[in-house]
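Everything below concerns the one structure shown next.
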Amino acid sequence: MLFPILCTPFVVLSEVFSLLESNEAVTASFCSKNFKRLLRNHYQRRTPLMWQACMVDYENSRQVSIANSGYEKKGIVSSTVHVSKINEALNEVVEINGYKTEFWSEFLIIYFEDQVLGSKWIVDYVTTLFNIDVRGLAIDRCSTWAIDWINKRQEKPLSHFGLLKPTNDVSNADESVDYVLKNARSSELLGIDEYVSDNYRFNGKLGPVKELCLWHGHWVTCDSLMNFDAIEIYIGRSRLAVSDLNSFLRHWRAGGSPRLHYLEVRFENKAVFENFDEDLEIVRTNEVGTYPVSYGELVVIRSCYSVQRLDGIRALVSCDHRRFYLIVQHEKTSN
Amino acid sequence: MSSTEQGTSSAAPAEPTTAPESAAAPEVPESFYYVHGKDKVVHKVSAGALQHSALIHGMISNLGYTEEQAKANPFPFENIDGDILQMVVDWCNQHKGKPTPPEDTNLPKQKEKLFDLVLAVNYLEIKELLTYCCKQVAMMVKGKSPEEIREIWMIPTDAEDEAAEKEAKKRAGKEAAGETAAAAGDAK
């Protein structure tokens, strides 16, 4: 069935555009320059659009997704692949505006000789079409250029950032991690899942950010932990000793890390935990600590200790040879 | 010619029928209006059903017709085909006094008439039906490539757009030259 959409009144055209999914709108924009202009005008009038662009530049995955405002639902709208991967015998490759393209599983793949150029091109295309900024960025160690590129192309900072470890490479990426820690700014999530060497250190400040996740956090010292400005902190493969955690609790009691709500430390090796330092005035409690972490599950801690800040705010603490938790009772105290 | 509980259609204005009886509430006579499309077939529709159309509702409010006047003066919609108007009337009758559910099963199914239906519904300002129709239009391109979308939605290619633009410019140029020549002739 055919439908001459350009013969419909403006109200109808606008209503149809507003019902399109983001991937459908991007694909439709490749129909003609005129149609792209109509779509762009539509999205420019519809500000603020509750969509967020997310860029992925990870190994062979170079794509742009659109997420809803809550970041729960994401869908790929365009992707770029190296021209060497074209298989015209198997795939239907069509040239549009001088670019080789292929429609695959509800979005358009655009083939580029230069992968960096391709990534930049699809991000620019989608963000211009929808008149939105890039809010999410997920990269591998080879794509740290994207941090600087995004910082320069828009005023609004990222909301979600992730540095992901390679699939088949366990070598260290000290330089990339260092670049990320020094340059990546993100308001909601800063996550780093990359290998670094045993002697790697970073003592700069991190944050402010809502959630900080360091999966390979053996490099995190007590001093660096005190420099993190985050609401939720997760440190995996930690080499912090119980004495470091005592020092951190002392810092927290004195008013340090004031925005912290949740800290989870997973030890790389079994920690030897017997008791907390006496000067912390930490006491055993039957209370159960709960915290709804951003990644979904409700964390529950039992057999807790209670520790109080000098301003009266309390926190529940739990520690065994594998994990340390601190859940600050901001609301309970104020009630 | 179809006949529904709330309305009937005929070549001439039909006799008003009484509204469905209600066991509890006292019977309130329902007012009816009459509309016809390009085919001049008159459809009798209750005021309640016509409330879906902002255009007709506005006309009714402004005219303040009595039952007799309404019968003698059907609203003419010469730009709407008879079968399309019938679909719209049926839908309005089915949804009299109630909002459209998100998955409405009582909606016009004749997809080949979708374009005419969209134009009619837009003209009659029936918001809920327009949204449904537009959903159907949007669904047409789900999972389609740019070439397929271009074909389904009959979008001209860049080359066709350029050719049309050139043609329009040429025509405008000719018209302007004609007007200049005519003006020069008038001046002589």
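What follows draws every value from the coordinates through simple rules; no lab data is involved. Quick caveat, the model's predicted, so the values are computed rather than measured. Reconstructed Cβ throughout: ideal geometry from the backbone, glycine too, with neighbour counts over all protein chains shown.
Exactly one residue among A:VAL26, A:VAL12 is of a type in the set (A, V, I, L, M), at the interface with chain B (Cβ under 7 Å from one of its Cβ atoms) and surrounded by 14 or more Cβ atoms within 10 Å (Cβ to Cβ), and that residue is A:VAL12. Only one of the numbered conditions (1) crowded, with 20+ Cβ neighbours inside 10 Å; (2) under 30 Å from A:PRO9 (Cβ atoms) is violated by A:ALA53, and that is (2).
State whether the residues of segment A:102-119 include one that is surrounded by 17 or more Cβ atoms within 10 Å (Cβ to Cβ), touching a helix residue (DSSP H, G or I) at 6+ places or on another chain (Cβ under 8 Å) and assigned to a helix (DSSP H, G or I). Checked segment A:102-119: at least one residue is surrounded by 17 or more Cβ atoms within 10 Å (Cβ to Cβ), touching a helix residue (DSSP H, G or I) at 6+ places or on another chain (Cβ under 8 Å) and assigned to a helix (DSSP H, G or I). Residues that are polar (S, T, N, Q) and either within 14 Å of chain A (Cβ to nearest Cβ) or at positive phi (or both) within segment B:140-188 comprise B:SER145, B:THR157, listed in sequence order. Criterion applied to A:GLU59, A:GLU95, A:GLU88 was being more than 9 Å from chain B (Cβ to nearest Cβ), closer than 23 Å to A:TRP149 by Cβ and of a type in the set (Asp, Glu), and the one residue passing it is A:GLU59.
If you go through segment A:176-206 and keep only what is of a type in the set (D, E, K, R), more than 17 Å from A:ILE235 (Cβ to Cβ), in contact (Cβ under 8 Å) with a residue 24 or more places away in the chain and not in a loop (DSSP other than H, G, I, E, B), you end up with A:ASP178, A:GLU188.
For residues that are polar (S, T, N, Q) and within 14 Å of another protein chain (Cβ to nearest Cβ), scanning just segment A:29-50, find the one that is nearest to the chain's Cα centre (by Cα). Full working, then the answer.
First pass over segment A:29-50, keeping only residues polar (S, T, N, Q): A:29, A:32, A:34, A:41, A:44, A:47.
Then drop every residue that is not within 14 Å of another protein chain (Cβ to nearest Cβ), which leaves A:29, A:32, A:34.
Numbers: A:SER29: 28, A:SER32: 34, A:ASN34: 35 Å.
Among them, the one singled out is A:SER29.
Of all the criteria given as (1) among the basic types (Lys, Arg); (2) more than 28 Å from A:LEU19 (Cβ to Cβ); (3) in a loop (DSSP other than H, G, I, E, B), the one not satisfied by B:LYS44 is (3). Every listed requirement among (1) surrounded by 20 or more Cβ atoms within 10 Å (Cβ to Cβ); (2) under 14 Å from A:LEU108 (Cα atoms); (3) of a type outside the set (Gly, Ala, Ser) is met by A:ILE86 save one, (1).
Among the residues of segment A:70-100, write down those that are part of a strand (DSSP E or B) and over 29 Å from the mean Cα position of the chain (by Cα). Step through it out loud before you land on a result.
Step one: filter segment A:70-100 for residues part of a strand (DSSP E or B), giving A:74-82, A:93-96, A:99-100.
Correct list: A:VAL93, A:VAL94, A:GLU95, A:ILE96, A:TYR99, A:LYS100.
Meeting the requirement of 1 or more residues that are under 30 Å from A:SER197 (Cα atoms) and not aliphatic (A, V, I, L, M), the strands (runs of 3 or more DSSP E) wholly within segment A:236-335 are A:262-267, A:314-319, A:323-328.
Residues of segment A:60-78 that are touching a Gly at 6+ places or on another chain (Cβ under 9 Å) and closer than 22 Å to A:LYS100 by Cα: A:ARG62, A:SER65.
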